[in-house]
Amino acid sequence: MTAGQEVSVRPPRRRPLWVCVGVGAAGAVLAAGRLVYSGALVDWWVGGGLLAALVGVAFLHGVTLEVGADAYGVRYGSLLRRHRSVPWDDIADLRVHIQYGRHGEEYFRVGVLLRDGRTRRLPLPVSGSRDDRPDFDATLDALRALHRRHGNPESDRLAVISRRTAGRGTAGPLFLCLLLLAGAGLAAWFVPVTGATKEAWDSAVPCAAGTPSEERGACLTTRPAVIARTEVGGAKQPSRLYFADGLPVDRLTVSREGAQGFRAGERVELTLWRGQVRVVAAEHHVWREHFTSAGSVAVLAAALALAAGYPGARVLVHRRGRGLPDDEVLPSALPFAGVLAGTALWLLPFCYVHPLGPPASPGPLAWAAAGSLATLGLLVLAWRATRISTPQTAAKATATGAVARESGGADVFLAARFLESTDYNPNHFGTHVVLGDGPPAVVPHPGPGRFAARPVPAHRLTVKGVRRPRGGDGDGVPRGWHVAELDDAGGPVRLAAAPADLARILHALGAAGAATDTEAAGLPRLPSEGGPRSCLF
């Protein structure tokens, strides 16, 4: 993979890819031979051979793909695509992009951040499992070493871009929002049309004897007919009625229940309106065509508009975090989903009852006004819930809130996670930190009791800083938590928890560390001791 001052990456497990290329070549030969022999363009063998050839071309591109790096820069391409190169001077940073498959799989790829702000993702290396991760990390380290040696990186930190971070693009949510809004507008355009059609059907009367033929479409006309046969479709297939002699129509699409209610040879009476059969009536069964009401279409339009609000909220949250680094995690847009759900509780019934807008009566107007005020209140709460809380503001809030010492009293279990596997957090088993009657400890449960507790060596820990979560912290860290970067006897350790809980834990660790240092020095512990050591809070 690497040799001296150069890095070269090719697809792993190339032999199966070459086999697929060979199958594609065989398919191309088969299609060409069959075409020459028979001369027929439409043939199963020709079609299958051409399909295999196309698949072989795709695998040929994959098997000949190559990514390399040297003292000049990064180059990538394949046999079917010309090679491109980017010099190190044009590269601002290297980063990792996490892509997600259809079933939640995570694929790690290397991205190149250019100095003009654009990002290019390298086709290799790719890691889709734990077995591929060591090779991926080794290649990434080699690329970063070359960048440091021959370029000028803007940061020493490796940025990890996931679907939760600020560097993730908004093209997908924005397109979905516009698509749903277009559907809502189209449905709203059909509301008056649907309402007029339903009203005309409800008010239609039988045609008089002297009604001209060109005016009979607006009134009801009845005609006798005989059922020739019925066709009952499956769950997703249409059901049909066939009439004898094709009069007045050959067949009529009805519901499944409607087709089951009629029998072959049965005499029925058909009701025609606007040139189409709307009612089929027999002695024991009647089928009527369903006309959609304006309220139903208005509810559909409102539901699509509300559905467009969630991707729109994701775009809004992304815009609010545009000043953050690309690898910092953004707040969740779920509070805005609560606003949309609360709005749907009053808006959808209102649209069904008043599809064309509220009348002048005070009741509907009061309904709309009260619902709008409720939505506005929920929107304010969601706006406050999705604000970006920095560690500095959390520290100020904690300082003014008088954080209590956890050096005694009943145990308190706080949800927190050490992100590294250590002797007091083996295999990442801890989910909570317990404070109170005893030293701070990591436990795999929310209490009660200190079962399976592992004491935290507070005397070894020193707080280096507190920050917001980043993409490299993993999806297991909630968006609203903060991460404390600790030094554990020379090794880096990260502790994640909610801002207020993290402040209490760091305060307790500082108190326990100070007590341990005092005891080690052989001095009595003073009542004023127990404050945090090297802590930002």
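Answer rounded, prolate or oblate for the stretch 1-144, using the Cα gyration tensor with square roots of eigenvalues a ≥ b ≥ c: rounded when a/c is under 1.5, else prolate when a/b is larger than b/c, else oblate.
Verdict is prolate for the stretch 1-144.
Once the piece of chain linking Ala138 and Arg467 is laid out straight, how much longer is it, given 0.36 nm per residue of separation minus the C-alpha distance between them?
My answer for the length gained is 115.7 nm.
Subtracting the Cα-Cα distance from 0.36 nm times the residue separation, let me have the gained length for Val205 to Arg274 in nm, one decimal.
Between Val205 and Arg274, full extension yields an extra 23.6 nm.
Calculate, for Arg10 and Ser389, the FRET efficiency according to 1/(1 + (r/R0)^6) with r their C-beta to C-beta distance and R0 51 Å; round to the nearest 0.05.
According to the calculation, E is roughly 0.65.
As a check on your grasp of the helix formula, calculate [θ] at 222 nm for the chain: sum -39500 (n - 2.57) over DSSP H runs of n ≥ 4, divide by the residue count, round to the nearest 500.
-13000 deg cm²/dmol
Give the residues of the stretch 284-320 whose amide nitrogen is closer than 16 Å to a point set 7 Å from the Cα of Phe190 in the direction of its Cβ.
Only 290-305 pass the distance filter.
I want to check the label-to-label distance for Tyr242 and Leu356. Put each point 7 Å from Cα in the C-beta direction and report it in nm to one decimal.
4.4
Using the beta-carbon distance between Leu220 and Ala32 and R0 = 56 Å, what value does 1/(1 + (r/R0)^6) give for FRET efficiency, to the nearest 0.05?
On the way: r = 64 Å, r/R0 = 1.15.
E(calc), rounded to 0.05, equals 0.30.
Using the alpha-carbon centroid of each, what span in Å lies between the stretch 264-312 and the stretch 131-192?
44
Would you indicate which of [x] 246; [y] 298; [z] 378 is the value of volume of the Cα convex hull per residue in Å³ derived from the coordinates of this structure?
The value computed from this structure is option [y].
Return the loop-located trypsin sites (Lys or Arg not before Pro) in the stretch 78-142 (DSSP other than H, G, I, E, B) with at most 15 other Cβ atoms within 10 Å of their own Cβ; answer none if there are none.
Sites meeting the loop and neighbour criteria: Arg102, Arg115, Arg118, Arg130.
Using the eigenvalues of the Cα gyration tensor, what equivalent ellipsoid semi-axes result for the stretch 71-134 when each is taken as the square root of five times the eigenvalue, whole Å, largest first?
For the stretch 71-134, the semi-axes come out at 24, 15, 11 Å.
Across every pair of different alpha-carbon atoms, what Kirkwood hydrodynamic radius in Å does the stretch 289-363 reach?
14.6
With each pseudo-label sitting 7 Å past Cα toward Cβ, what's the Arg120-Ala452 distance in nm, one decimal?
With each label point 7 Å from Cα toward Cβ, the separation is 4.9 nm.
When each pair of different Cα atoms in the stretch 451-492 is counted once in the 1/r mean, what is the Kirkwood radius in angstroms, to one decimal?
About 12.0 Å for the stretch 451-492.
In the stretch 311-391, what trypsin sites (Lys or Arg not before Pro) fall in a loop by DSSP, with at most 13 other Cβ atoms inside 10 Å? Intermediate values should be presented prior to the final figure.
Values: sites: Arg314, Arg319, Arg320, Arg322, Arg384, Arg387; in loops: Arg322, Arg387.
Here the trypsin sites (Lys or Arg not before Pro) that fit, given the DSSP loop and packing criteria, are Arg322, Arg387.
Quick one: check the C-alpha center-to-center distance for the stretch 495-515 versus the stretch 6-22, whole angstrom.
Their Cα centres are 51 Å away from one another.
For an R0 of 25 angstrom, estimate the FRET efficiency from the Cβ-Cβ distance between Asp475 and Asp90 and round to the nearest 0.05. Can you show the working numbers first?
Working: r = 32 Å, r/R0 = 1.28.
That pair, Asp475 with Asp90, gives E of 0.20.
Readers should treat all values here as calculations from the given coordinates under stated rules, not as data from a laboratory. Quick caveat: nothing in here was measured; it's all calculated off a predicted structure. Neighbour counts run over all protein chains shown; Cβ positions are idealised from the backbone, glycine included.
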